[in-house]
Amino acid sequence: MSTVFQVLSPGFLTTVQDKGRFGYRSIGMPVAGALDQYSYRVANLLVGNDQDAACLEITFLGPTLRALDSAVIALTGGAFQATLNEQPLPQWQAVEVKENDIITISEAKVGARGYLAVAGGFDVPMVMGSRSTYIRGKIGGFQGRPFQAGDELEVGLPLREPRHYIGKFIPSEYIPKYNASGIVTLRVIMGPQENCFSQKGLQDFLMSTYTVTSESDRMGCRLGGTSVEHLSKDHAQIISDGIPPGAVQIPGDGMPIIMLADAQTTGGYPKIATVCTVDLPLVSQCKPGDEVHFLEITRDEAISLLKEQEDKLYELQLILDSDISSTAKHFRVMVENRYYDVWVEEPERRNS
Amino acid sequence: MGGGKYLSKNFCIKPAGDSALLVQLGNEISPELNAKVRALNLALQHSHFIEGIIETVPAYCSLLVCFDPLKVDPLQLEAELEKAIQSATEHIFSQPTVTVIPVCYGGDLGPDLEFVSDYCKLAPEEVITLHSAPNYLIYMLGFTPGFPYLGGMDPRIATPRLENPRTKIPAGSVGIAGEQTGIYTIESPGGWRIIGRTPIKIYDPFREPPVLFSSGNYLRFQPITLQEYEKIETQVKLGTYEVQTYQLEKGGPL
């Protein structure tokens, strides 16, 4: 463990996050953790960490960091304007930094959140089983708060030889396209309280386009647009119950709020639908002004999508941990009822 | 289904996204129904959690079961939960405890005591007496870490929320909102009428368990003076303060 980074400027909102804090929702403790779990996990894979190591979550405008030691880093998530010693810093790629290097992460050009991983993981104390910062509870992460200029960050011992990962990159088919078409489609499973809404309310919810408002934060993504009508005024409240991440609450004013990682654990507004797990990263990459619409899918479909994503992450880990080039083509073949992962590389790339 | 020993005859299990199920055991706020929620929660814990369950969120009359869909098929989990509901007889809970929460009412620590007193047409002392008399049932913890949803407040001191919520309410503030009373466990914005503050830490992430009390038990507010507040505040800082807890039936007035 050693001090590896000094924060020269903290950016808009930079915190330490990991997979989340589980097991304490029953006492009112939100899960917290990285909002875009896909980018977060890929960042860790790129530097040879376990998928649940602590990373930096960057919001809208990133930090400027000075390296106090050499390290291997990777930046994933939205497309940020980022430099290493004033040269463009490639994203979705493992990069070596040396003592006194300056990493500058400026504005997000596409998306809203970035994830910076370092080989060994950011080493902050575990609080209730997690290193995630829960800002309102002032716990976890770096002293329970977002970064400030002058903070010095420690890094843990790498699990795998970091040099192995330098230059490794993520093939483009594994990089999510945030907001590619202008309107983000969020797939939802209806319920659990869809019966609190009128037929018109349900239709408006699924047919309208909503705009992300500036009040959005790590607790919730607040939307503006066509008001979603409750069945009656009495149906605008329920007896408070547990809120799963991704739940779409409709309070009295009819404006949807998508509950995110820092959301309260329980609440008294009806939840018309729940965003499926694989689309939660898309929510977290929305900026104020972005447009979203909801698309109903079945739970089975949502779970198949989740399994596909896990397979993708598994393939990525195989590629990155092995000596296979990132440009190799992946095939899964079945021989005598067993699956085999096969990578085919271009011959001219073999001599490296 | 039928049969008297079942936790609930009218339960339903609804999907709440791809990784959670909402088990609804009824639709009212009552100590009896809430006890059933806790009984089911305990039964699930005693069964060492069915494979794939990550955690549960017990509420007034429902239990949110969060699971990993890569580890368990939700239909199979639903079947397991149904079995648990039907086989779990009402759990005999150990004797509930009462945790005493010392509160300094009024003044700077309880800026809305006067408003509550005017609104309810009661002297401030009467508001304090009514507020500190009952043993409040802790139905659930939620909202923010350790925030207790309490039952049993005297309706004579019910007061509507502030029209414009305050941006910062200090941790430990005790407030009234409609017919509810509660304690802010972390500094947060809020619209409850603040009538006092406790110097003790309801929630401390570095303590095990992090929250002083648990659902199914009770708490009682004990009026203290400003001098006592300051004394306890110092003891809390030094780590020498011992929170008073007793068995519901043995001690104290009900």
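The values are calculated or read from the model by the stated rules, or taken from the named source; none is laboratory data. Remember, it's a predicted structure, so these values are computed and weren't measured experimentally. Cβ coordinates were reconstructed from backbone atoms using ideal geometry, including for glycine residues, and neighbour counts include every protein chain displayed.
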> Taking the stated definitions as given, is A:E296 under 21 Å from A:V188 (Cβ atoms) and either in contact with a helix residue (DSSP H, G or I) (Cβ under 8 Å, 6 or more places away or on another chain) or not assigned by TED's automatic domain parsing to the domain that holds A:T213 (or both)?
Replying inline: yes
>> Condition check: surrounded by fewer than 14 Cβ atoms within 10 Å (Cβ to Cβ) and of a type outside the set (G, A, S). Does A:E173 satisfy that?
In response: yes
> So, in the stretch A:234-262, of the ones that are of a type in the set (G, A, S) and within 15 Å of the chain's Cα centre (by Cα), which residue ends up surrounded by the fewest Cβ atoms within 10 Å (Cβ to Cβ)?
Replying inline: A:A261
> Can you tell me how many residues in the stretch B:168-184 are over 21 Å from B:G107 (Cβ atoms) and either in contact with a helix residue (DSSP H, G or I) (Cβ under 9 Å, 6 or more places away or on another chain) or of a type in the set (S, T, Y) (or both)?
Replying inline: 1
>> Looking at the stretch B:91-106, I want the residues that are at pLDDT 95 or above and have a partner that is part of a strand (DSSP E or B) and among the polar types (S, T, N, Q) with Cβ atoms under 6 Å, at least 6 apart or on another chain. Which pairs are those?
In response: B:T99/B:T245; B:V100/B:Q222; B:P102/B:Q222
>> I'd like the full set of residues that are within 13 Å of chain B (Cβ to nearest Cβ) and of a type in the set (S, T, N, Q), limited to the stretch A:133-162.
In response: A:T133, A:Q143
> Tell me, which residue of the stretch B:199-214 that is of a type outside the set (A, V, I, L, M) and in contact with a Ser or Thr (Cβ under 8 Å, 6 or more places away or on another chain) is farthest from B:E114 (Cα to Cα)?
Replying inline: B:F213
> Across the stretch A:116-132, what is the number of residues that are outside any strand (DSSP E or B), within 14 Å of another protein chain (Cβ to nearest Cβ) and crowded, with 18+ Cβ neighbours inside 10 Å?
Replying inline: 4
> Is at least one residue of the stretch A:321-333 outside the structural domain of A:D50 (by TED's automatic domain parsing) and assigned to a helix (DSSP H, G or I)?
Replying inline: yes
>> Just checking, does the stretch A:27-41 include any residue being away from every other protein chain (no Cβ under 14 Å) and farther than 20 Å from A:C221 by Cβ?
In response: no
>> Out of everything in the stretch A:277-307 that is under 19 Å from the mean Cα position of the chain (by Cα), of a type in the set (S, T, N, Q) and more than 9 Å from chain B (Cβ to nearest Cβ), what residue ends up being surrounded by the most Cβ atoms within 10 Å (Cβ to Cβ)?
In response: A:S284
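Yes/no matrix, rows are residues, columns are (1) in contact with a strand residue (DSSP E or B) (Cβ under 8 Å, 6 or more places away or on another chain); (2) at pLDDT 90 or above:
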residue	(1), (2)
B:Y6	no, no
B:K9	no, no
B:K14	yes, yes
B:E28	no, yes
B:V37	yes, yes
B:L40	yes, yes
B:I54	yes, yes
B:L75	no, yes
> Is it the case that some residue within the stretch A:257-276 is farther than 21 Å from B:L64 by Cα and more than 14 Å from chain B (Cβ to nearest Cβ)?
Replying inline: no
> Given the stretch A:20-115, what strands (runs of 3 or more DSSP E) lie entirely inside it while holding 1 or more residues that are in contact (Cβ under 8 Å) with a residue 24 or more places away in the chain and within 12 Å of the chain's Cα centre (by Cα)?
Replying inline: A:55-59, A:71-84
>> Show me the strands (runs of 3 or more DSSP E) found entirely inside the stretch B:184-241 where at least 2 residues are touching a residue at least 12 places away in the same chain (Cβ under 8 Å) and within 14 Å of another protein chain (Cβ to nearest Cβ).
In response: B:188-190
>> What's the total number of residues in the stretch A:266-280 that are farther than 15 Å from B:G17 by Cβ and touching a residue at least 60 places away in the same chain (Cβ under 8 Å)?
In response: 1
